[in-house]
1. Within the stretch D:127-136, can one find any residue that is open to solvent by 50 Å² or more (accessible area, probe 1.4 Å) and within 22 Å of the chain's Cα centre (by Cα)?
2. Any chance the stretch A:181-196 includes a residue that's of a type outside the set (D, E, K, R), out of contact with any strand residue (DSSP E or B) (no Cβ under 7 Å at 6 or more places or on another chain) and at positive phi?
3. Going by what's in this entry, would E:Pro211 be described as crowded, with 22+ Cβ neighbours inside 10 Å and at pLDDT below 95?
4. Before we move on, is B:Ala119 part of a helix (DSSP H, G or I), more than 9 Å from chain A (Cβ to nearest Cβ) and aliphatic (A, V, I, L, M)?
5. May I ask you to verify whether C:Glu166 is among the acidic types (Asp, Glu), open to solvent by less than 40 Å² (accessible area, probe 1.4 Å) and farther than 30 Å from C:Phe33 by Cα?
6. Quick one: which of A:Ala201, A:Ala162 is within 14 Å of A:Leu118 (Cα to Cα), of a type in the set (Gly, Ala, Ser) and part of a helix (DSSP H, G or I)?
7. What is the number of the single condition among (1) at pLDDT below 90; (2) among the hydrophobic types (A, V, I, L, M, F, W, C); (3) not in a loop (DSSP other than H, G, I, E, B) that D:Phe125 does not meet?
8. Name the residues in the stretch B:65-76 that are at the interface with chain C (Cβ under 8 Å from one of its Cβ atoms) and either touching a Pro at 6+ places or on another chain (Cβ under 6 Å) or under 13 Å from A:Ser77 (Cβ atoms) (or both), would you?
Amino acid sequence: MIIYKANDNWFGDIKHLAKSWTMVRVMRTVLFFGVYTTIVWLLHLNFFPEKDQSVINSAFSFLGVVLSILLVFRTNSAYDRWWEGRKQWGALINNTRNLAVYAHTILPKEDKGIRFYLAVRISNFCHAMVEHLRQGTDLDQLIHLTESDHKKYGKRAHVPNAITHEIYETIVHQHREKLITDPDLINYGPLHKSLLDIIGACERIKKTPIPFSYAVFMKVFISTYGLLLPFALAPQMAFWSIPVVMLVMFAFVGIELMGEEIEDPFGLDCNNLPTGDMANTIQNNVFEIFELDEEVVKNAERKLYDKVF
Amino acid sequence: MIIYKANDNWFGDIKHLAKSWTMVRVMRTVLFFGVYTTIVWLLHLNFFPEKDQSVINSAFSFLGVVLSILLVFRTNSAYDRWWEGRKQWGALINNTRNLAVYAHTILPKEDKGIRFYLAVRISNFCHAMVEHLRQGTDLDQLIHLTESDHKKYGKRAHVPNAITHEIYETIVHQHREKLITDPDLINYGPLHKSLLDIIGACERIKKTPIPFSYAVFMKVFISTYGLLLPFALAPQMAFWSIPVVMLVMFAFVGIELMGEEIEDPFGLDCNNLPTGDMANTIQNNVFEIFELDEEVVKNAERKLYDKVF
Amino acid sequence: MIIYKANDNWFGDIKHLAKSWTMVRVMRTVLFFGVYTTIVWLLHLNFFPEKDQSVINSAFSFLGVVLSILLVFRTNSAYDRWWEGRKQWGALINNTRNLAVYAHTILPKEDKGIRFYLAVRISNFCHAMVEHLRQGTDLDQLIHLTESDHKKYGKRAHVPNAITHEIYETIVHQHREKLITDPDLINYGPLHKSLLDIIGACERIKKTPIPFSYAVFMKVFISTYGLLLPFALAPQMAFWSIPVVMLVMFAFVGIELMGEEIEDPFGLDCNNLPTGDMANTIQNNVFEIFELDEEVVKNAERKLYDKVF
Amino acid sequence: MIIYKANDNWFGDIKHLAKSWTMVRVMRTVLFFGVYTTIVWLLHLNFFPEKDQSVINSAFSFLGVVLSILLVFRTNSAYDRWWEGRKQWGALINNTRNLAVYAHTILPKEDKGIRFYLAVRISNFCHAMVEHLRQGTDLDQLIHLTESDHKKYGKRAHVPNAITHEIYETIVHQHREKLITDPDLINYGPLHKSLLDIIGACERIKKTPIPFSYAVFMKVFISTYGLLLPFALAPQMAFWSIPVVMLVMFAFVGIELMGEEIEDPFGLDCNNLPTGDMANTIQNNVFEIFELDEEVVKNAERKLYDKVF
Amino acid sequence: MIIYKANDNWFGDIKHLAKSWTMVRVMRTVLFFGVYTTIVWLLHLNFFPEKDQSVINSAFSFLGVVLSILLVFRTNSAYDRWWEGRKQWGALINNTRNLAVYAHTILPKEDKGIRFYLAVRISNFCHAMVEHLRQGTDLDQLIHLTESDHKKYGKRAHVPNAITHEIYETIVHQHREKLITDPDLINYGPLHKSLLDIIGACERIKKTPIPFSYAVFMKVFISTYGLLLPFALAPQMAFWSIPVVMLVMFAFVGIELMGEEIEDPFGLDCNNLPTGDMANTIQNNVFEIFELDEEVVKNAERKLYDKVF
């Protein structure tokens, strides 16, 4: 994701344009329509110089309004996925912090081992989730994996499920040993539940693009519209039809392609969410909250920079 | 559902067009309007060649804007149902996972029987739901049904209700036997509640299309509009009225029919949700979480591939 | 409510048109404007045959866009009430099922009496709610009312409140008698709470139409617009102004009247929710879940068909 | 609030027009623009009778579309506040009922005193909230205030906070005395929490109008647009420019002023919520649910009609 | 934030215009386009006085509709962030009040020390959050910091996390000492959880502006549109093109810049939320609810006015 400061500098933002892969595709398509319109105009100039079709022009203007209303729907539904994805990761940050604060408070004060165990598990849940939402969990992204962890996780199709179970088992074990009380476990329940709710919601966003018919419908409509438009405009506007067609197609192709890009916000494109960074932030937060010893933390940190990037 | 990768290949998507039943209907309607416009144009050419009605043209352009705003409302409300249906199935995946993780953690470690019992019940709840949202539960879709289960479920009008009761009864029985603690049962409550909430929400989506008046209103409006439009355009645009009418009707009929299709997302059309696949995913997840023995799992898997598809 | 199958038959739906009371009103208004436009046109033809006002035409087209954007707001807010009403009734179905499943599981197995008592109370809550949302609870709609129930409910202004109290009292009494445990009562709490939340939300929808100013504003705007439009169109479009004005008024009056109709979804109009049927469905579900004896169920069923319809 | 029946009588609603203060303001502004346009037209007729500027006309039509899209945003955000305010008061009704039903069920059966104490406190919370959302709590609106209550509340800046504390203290005291059980207190928790959540949400709506820049932006845009429009229309439309400008300004000024009015729904304007009536409804409901003795109720009722209206 | 009374005085609001930094920027840009259009018009007048391009005009009008639909999306998503930020701060007010009411009720009546400790911590959580959402927590904004607090917080990257832990530890300690009961701790859980949920949601809003591609896309579109528009309008409208271009750019640049400004609502611009004031309100509320002694309160108040502003 390109990090930028809103409300700062109008032209400063524009100059990042070439960095966005989607924008490059949009620009290429716009150029194609520029060339195409020039050809249509020149052909027209040479072969039918007398014809006037001002009404067709108005028909295309109306069709353009219809199309732009459709594209708003397209944009809204894509943006909602992107924003919901962001909300889920935000909720992950909140919940892991809360989980750590609760656990740190209720667990026996002197037991550093269980704190380290939980901090590693919570961090690994997030690191596993990052790649799980791309091509499947990569165990090398996880921190502090012992031999046996590696073997155990390796056998599982869904690693975050396994980690969640380990975390809950630890807490329930403490409860069975009377080290934490009944209300502690009851308050802990919803925090724990949210971990799998969040990963499930992200899986849903990743796996469900806009219904296929809509995706195809828009592409057919935009393509047809773009190919017919120069025929309607060139006779009348002459040279001016070129910038107008280009500006129109910039709007339509741009909105469609940006919608497609942000629809799956967990990839590595420039508009996607910085999920890797967020997982690192969570790890730092969790280790800080558990107030783990210097050496333990440093150990973890080293792992962090070795493995995660 | 056609599985497709968004943001990949513009023309690759378009070529799937013919696979979508709705798109085929749209195309047929558009062709009809193409032929119809040709006839109107030819009649006009031969009988009233002198008349010019440029203002009617603008009236239809304005009516088209009104209609397209209506269709946005139509699309939004249909899409919301589709997306809510998807969310409910996503919530089902999350909740069954959480249910399994909680049960696996709190139940006595050595009791494999109860784990198998629960894994089968949770899976069957989902398999029953798939068909319940089509034409009514088909008991042959369920796995590991014993004779008595078959008889018991056969008598029930609403099978998922019965399964839910069995699951809760098992957990409550464990609680009465002091095998699980008070906080365990309290944390379990909301997870259990969500099962019937989800199936109820899906029933609501299935049973409540857009209010009847709106559905009829749009059809009357689109039909009238489409039948009058060629009379307004043909006098002026001549040959060009044919592609313009076709593009307009492609937009309007397409949006209306796609709205109708995705409004009930639990069927078997190409835009519907892959509920059968999701039920299988849930089954795999649940059996994995309960860490059931090889042979038990294999048994279940065999059943799975025999029965569900 | 007219039950219809979406995505089935374009013209099949249109032929139900005359059954919708709102549609009849819309059609009558549209006819009025047809006659009115004819008169304006004929007057114009005879008295000011020379005048051309093409610009006024464009002003009305723009005003129409403004109005149609307003009507989208109108439609959205009315539809949201209708859909929220449907959601609340869906939630009622879910919660009564969950209530019955929970109660059936936790209550002493042999106590059929309490199950019958609860099944009757839950069903009556729903039957009372149906009429409560129309003109006030009609005690004759309730099932299995004893003499004393009748007297007790008769004195209450808000019968569902009284029924809710009876249900909760029964459960709490079981808890005081140690027949159900602490976690049972804790899990039961939110289920119970939802009963009054649902009826309260429905009361809110029923009692709060769109703010008065908006309702009047739209009527004034549509009336003025419709009465001036023929003057703007007739001079230029002549005969064609009649279908155009009729189509425009069909759109505007139709959207306004449909919005008014679905705004209060608990009545008996053809677009209203089938709340009576839903209450019966709930009764059937609840009696099935409690697995009540044949004779008890039959008894209840008889009552059901005698009284509710 | 004007109580009106939707879907009843088209012209019946229109005749209430003059009762709405906002509508009166709108009408006055529309009249102003009518006079202003007449002046512009007459000036034009006398000084520049030859000029034709049909294109400016189309520019204003396009600017009008931009403005009307902005006003939809304005209307939606204002209406959302109004509707959320209504939802919060609806939630208050639900929660006070639930609170009363819970308390009535769990408290010792013979203790009428505590029921009266709670009924008064719950009612007073609502009565206090009505004025708190206007100019600050007026203690004279509260019922059954003893001398010491009066003194205690008088010293507090935020009276509802104090009442909430009294209610919770009573319940917790019962719990400490073992008169209610652990699950009773746990189930009571969320009901209690909602009281302050509701008043907080209403405070938020009251204190946060639309961001200042937007409010000013719209006023500048509408004023400029309205003052320039007659210059664009008068040259061409002549006399017709007067009704057209008036209808346009009716739409724009009307939407803007109605938005401003409903944005703060807790005042005493004709579109505001009937919060005083709702508080009385709550009082009646709560006293009925607690089944208080005739004389106690009558006492309360007298107070009710003396003080609240 | 400029505090203003909605629905009061049309022109009174407009005169605050110059106070808004965003409005000043908008006005400057509009002036630039005024000058630019004048130059284009004068050039045209001198070099191509004969050319007429009325159709280009209509193309720009259509492009303007497309752009304004995009800007509605822009406005909605920015406004949603602003409003969600406001809701989160509203929720903070509600939750801190509820936290204080709960704690004040359940804690041992005579223990003033713990009340003061909690009141300070809750207030400091809010004061820390104000600056945390700007450039990072400024410890000088916190009240009643002891030496050791200062040192402890100074070492933490995320101070609110640390404060949250202190609050929860105090409550849990009371529970371990049997000074509060199990249900007290269970009811307290969700209140506590919300503190970190709220700060996390605000961090999400602050750190995630609209996706980069959209931000750039709009700037490119508006710039190109604004630079080409005078060429399309000047030939026909002559002098009139200057106010029209200025009004159009006022709309487009204004909506874009206002969107950018309110997108991050936690800064110090004139449309931002008064978070500092809200933190003070919370402090006053919390100290009042805990009914702390005169001297303690005064002490706190002094601190309040010394430090926070």
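The values are calculated or read from the model by the stated rules, or taken from the named source; none is laboratory data. What you are looking at is a predicted structure, and each value in this text was computed from that prediction instead of being measured. Ideal geometry is used to build each Cβ from the backbone, glycine not excepted, and the neighbour counts take in all protein chains shown. Ligands, DNA and RNA are excluded from the accessible area calculation, which covers all protein heavy atoms including side chains. Shrake-Rupley method; radii C 1.70, N 1.55, O 1.52, S 1.80 Å.
1. The answer is yes; a qualifying residue exists.
2. Taking every residue of the stretch A:181-196 in turn, none turns out to be of a type outside the set (D, E, K, R), out of contact with any strand residue (DSSP E or B) (no Cβ under 7 Å at 6 or more places or on another chain) and at positive phi.
3. yes
4. Considered against the rule, which asks whether it is part of a helix (DSSP H, G or I), more than 9 Å from chain A (Cβ to nearest Cβ) and aliphatic (A, V, I, L, M), B:Ala119 comes out as yes.
5. Spelling it out, C:Glu166 is indeed among the acidic types (Asp, Glu), open to solvent by less than 40 Å² (accessible area, probe 1.4 Å) and farther than 30 Å from C:Phe33 by Cα.
6. A:Ala162
7. (1)
8. Across the stretch B:65-76, the qualifying residue is only B:Val72.
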